[in-house]
Structure formats: C-alpha cells, structure tokens
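Comments concern the structure below.
The values are calculated or read from the model by the stated rules, or taken from the named source; none is laboratory data. This is a predicted model, so every value here is computed, not measured. Glycine gets a Cβ as well: all are built from the backbone with ideal geometry, and neighbour counts include every protein chain shown. These accessible areas exclude ligands, DNA and RNA; they are computed on the full protein's heavy atoms, side chains included. Shrake-Rupley method; radii C 1.70, N 1.55, O 1.52, S 1.80 Å.
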Amino acid sequence: MIMLGAKQHLQITELCAEGAYLDGGQLGEVFLKKSEVPEYLEEGDSVQVFIYQDNLGHPTATTKDVIAQVGDFALLRVKEINKIGAFLDIGIDKDILSPYNEQKPKMREGYSYLVKLYLDNASKRICASSNLKKFLDKETPSYKPNEEVDLIVASKTDIGFKVIINDSHTGVVFFNTVFKRLFIGQKLKGFIKQVREDGKIDVVLEKQGVQKFIDLGEQILSELKNSEGFIPLGDKSDPEEIKKRFGSSKANFKKAIGGLFKQGLIDIEAKSISLKEK
C-alpha cells in the first residue's frame, strides 16, 4: 500500500514537460515536478520519493531529503505561526502543521521542538505533535538491566535528561551519569539500569559492571593506534579533558587504563598513556 508521509519507490507512468506522473496505487496519480526528476530515468523506471498532499489536497512527490517521516520523532523548527497552528520545516516545499491542541508546550516561531509526525485520519494531512506522552506505551515495560536500547533526548529536567526509549517509553538519565554533551532531539544508544516498581525507568549511557571497562579499554586502544601510540591523558589529567575525549568519568578511565596496564598493553604516566613497545 502506498502511504502518505513516507519514502517509497513508485513507478513512472508518464514523462511530460512539467515533470512526471507516478503510479500511486490507491492514491491515484502522484505528480513529481520536472526539477526533481532525475535525468537518466525513463517511463517504467522506479524512483524513490516522499509523498505528501499539496495545498489542494493532491498527492505529490518529492525526491528531496526529508528530516522525518510519519511515525518518526524529530526535532523540527517552527517557520510560521497562524490562526490554525504552527508550521514546521521538514526539508520540503510544504511545511507540516502542528495544531494548537497538539502543542505542549505552545510553540514559538523560530524555535525547535521535538515532535511526533502522524497522519490525521480526517484530513489525511501530515501533522506534528509535541504532546509526546500520548504516543508512548502506558504498559509497564519488561526491560532487563544492561539491555541496550535506542534513545532520543526529549527534555532537560531538574535531575537529568528525560529520554524516549525504543520509541515506546520514557526514562531518565541522571546528571551524575552523563559524561558527554547531550541535546534535545539527539539519538544515541543507552542501557537500562533498572525498571522501578512504579514503572519508572533509569537509563545510563555506559554499560554497567566489568563489561563497560572492557569496552572503554578497547576504545582507548583504538584511539592510541590512531594517535601514533600516544595520548596526553593519564592518572592526573583533568576530568573534563577525559570526559571530552572519551565521554567517560575519570574514575572509569583510570580503571580502564589500569586494566590495559595489567595486560601489558600500555604504559601510564601522570598525564599521558602510550602503547607499550613490543
């Protein structure tokens, strides 16, 4: 089934002076303007396009890269606000509407917001909502400690960063476990620390236990090999410098390089480490 608000491959049924008409299945003919039709394509070929409705409600295609598709969470900038809502930029000619009743908080022109793209059932219009809670699973999750998950940074709170886990649940990464720069809309990997009895989820950005030191040690070795065997960071280095380069606390860094030293892989100085000569 051909879907509005999604990238898909459509067959060219007719080439004309204005552009191309594509087979949109149940949507009917879908128009792609000439400036976006690749020159090497002929009738019968397929082209990957994003499909949306134009201002008259006609299905229209574009080959431009879109920031997000229907079903995605994405950080989008408000280009304009009028009496029906805010219009957000997703990288194509037509902006996406966020109705006032889908804005939480109320949007302001020029600002960016994390939203969920959805298809309005009545109008078949692609819309955006910053009321993210309504799109998340309300059932208690069954995540296991140390389970790797996909995260989207949703907001900053008094205790840490609220994140969306696997597009399904919300969790918190506490400030004292963050050793890299985070920003709203950022997508990254994380690990479940615990699911509390009340269903709230604690998330960390590093694996817990011995494995995190093994992984950090491998990262350090890789950095050393790419830096001619020398890195100006050691036992006495500034924690901020370690955090900036490895996204790790100084304590974890010291444990990781200690493990590498015991394996005979590196030498450690007060403010540097180096690969051990064989």
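Provide a single number: the residues in region 149-168 that are touching a helix residue (DSSP H, G or I) at 6+ places or on another chain (Cβ under 9 Å), open to solvent by 60 Å² or more (accessible area, probe 1.4 Å) and not acidic (Asp, Glu).
Within region 149-168, residues that are touching a helix residue (DSSP H, G or I) at 6+ places or on another chain (Cβ under 9 Å), open to solvent by 60 Å² or more (accessible area, probe 1.4 Å) and not acidic (Asp, Glu) number 1.
Condition (residue is within 31 Å of the chain's Cα centre (by Cα), among the acidic types (Asp, Glu), assigned to a helix (DSSP H, G or I) and farther than 26 Å from LYS162 by Cα) applied to region 220-234: is it met by at least one residue?
yes
Any residue at all in region 226-239 that is of a type outside the set (S, T, N, Q) and closer than 20 Å to ASN176 by Cα?
Yes, region 226-239 has at least one match.
Give the residue that is farthest from THR63 (Cα to Cα), with candidates limited to residues of region 92-108 that are open to solvent by less than 80 Å² (accessible area, probe 1.4 Å) and not in a loop (DSSP other than H, G, I, E, B).
GLU102
Would you mind finding the one in GLY185, GLY171 that is open to solvent by less than 60 Å² (accessible area, probe 1.4 Å), touching a strand residue (DSSP E or B) at 6+ places or on another chain (Cβ under 9 Å) and on the phi > 0 side of the Ramachandran plot? Talk me through it step by step, then tell me what you get.
Working: GLY171 fails: on the phi > 0 side of the Ramachandran plot.
Being open to solvent by less than 60 Å² (accessible area, probe 1.4 Å), touching a strand residue (DSSP E or B) at 6+ places or on another chain (Cβ under 9 Å) and on the phi > 0 side of the Ramachandran plot holds for just one of GLY185, GLY171, which is GLY185.
Spot the failing condition for PRO239; the list is (1) of a type outside the set (Gly, Ala, Ser); (2) crowded, with 17+ Cβ neighbours inside 10 Å; (3) touching a Ser or Thr at 6+ places or on another chain (Cβ under 8 Å), and only one is missed.
Status for PRO239: all satisfied but (2).
Pull out all pairs, ordered by first then second residue, where Cβ-Cβ is under 8 Å, the residues are six or more apart or on different chains, the first lies in region 65-85 and is surrounded by fewer than 16 Cβ atoms within 10 Å (Cβ to Cβ), and the second is part of a strand (DSSP E or B) and of a type in the set (Phe, Trp, Tyr).
Cβ pairs passing all conditions: GLY71/TYR118; LYS79/PHE87; GLU80/PHE87.
Tally up the residues in region 4-24 that are buried (at least 16 other Cβ atoms within 10 Å of the Cβ) and under 21 Å from ASP72 (Cα atoms), please.
Restricting attention to region 4-24, the residues satisfying the condition of being buried (at least 16 other Cβ atoms within 10 Å of the Cβ) are 4-6, 8, 10, 12, 15, 19-22, 24.
Still in the running and under 21 Å from ASP72 (Cα atoms): 4-6, 8.
Looking only at that region, the number is 4.
Just to be sure before I move on: is SER248 surrounded by 13 or more Cβ atoms within 10 Å (Cβ to Cβ), under 30 Å from LYS276 (Cβ atoms) and touching a residue at least 12 places away in the same chain (Cβ under 8 Å) in the structure I sent?
Spelling it out, SER248 is indeed surrounded by 13 or more Cβ atoms within 10 Å (Cβ to Cβ), under 30 Å from LYS276 (Cβ atoms) and touching a residue at least 12 places away in the same chain (Cβ under 8 Å).
When you check TYR113 against the structure, is it without any contact (Cβ under 8 Å) to a residue 60 or more places away in the chain, out of contact with any Ser or Thr (no Cβ under 6 Å at 6 or more places or on another chain) and surrounded by 19 or more Cβ atoms within 10 Å (Cβ to Cβ), yes or no? Walk me through how you get there before you give the answer.
Values: without any contact (Cβ under 8 Å) to a residue 60 or more places away in the chain: yes; out of contact with any Ser or Thr (no Cβ under 6 Å at 6 or more places or on another chain): no; surrounded by 19 or more Cβ atoms within 10 Å (Cβ to Cβ): yes.
No.
Got at least one residue in region 130-148 being surrounded by fewer than 19 Cβ atoms within 10 Å (Cβ to Cβ), of a type in the set (Asp, Glu) and closer than 30 Å to PHE253 by Cα?
Checking region 130-148: at least one residue is surrounded by fewer than 19 Cβ atoms within 10 Å (Cβ to Cβ), of a type in the set (Asp, Glu) and closer than 30 Å to PHE253 by Cα.
Residues LEU41, LEU56, LEU32, LEU27: which one is open to solvent by 60 Å² or more (accessible area, probe 1.4 Å) and among the hydrophobic types (A, V, I, L, M, F, W, C)?
After applying the criteria, what remains is LEU56.
Does region 182-200 include one or more residues that are assigned to a strand (DSSP E or B) and either of a type in the set (S, T, N, Q) or at pLDDT below 90 (or both)?
Scanning region 182-200, I find at least one residue that is assigned to a strand (DSSP E or B) and either of a type in the set (S, T, N, Q) or at pLDDT below 90 (or both), so the answer is yes.
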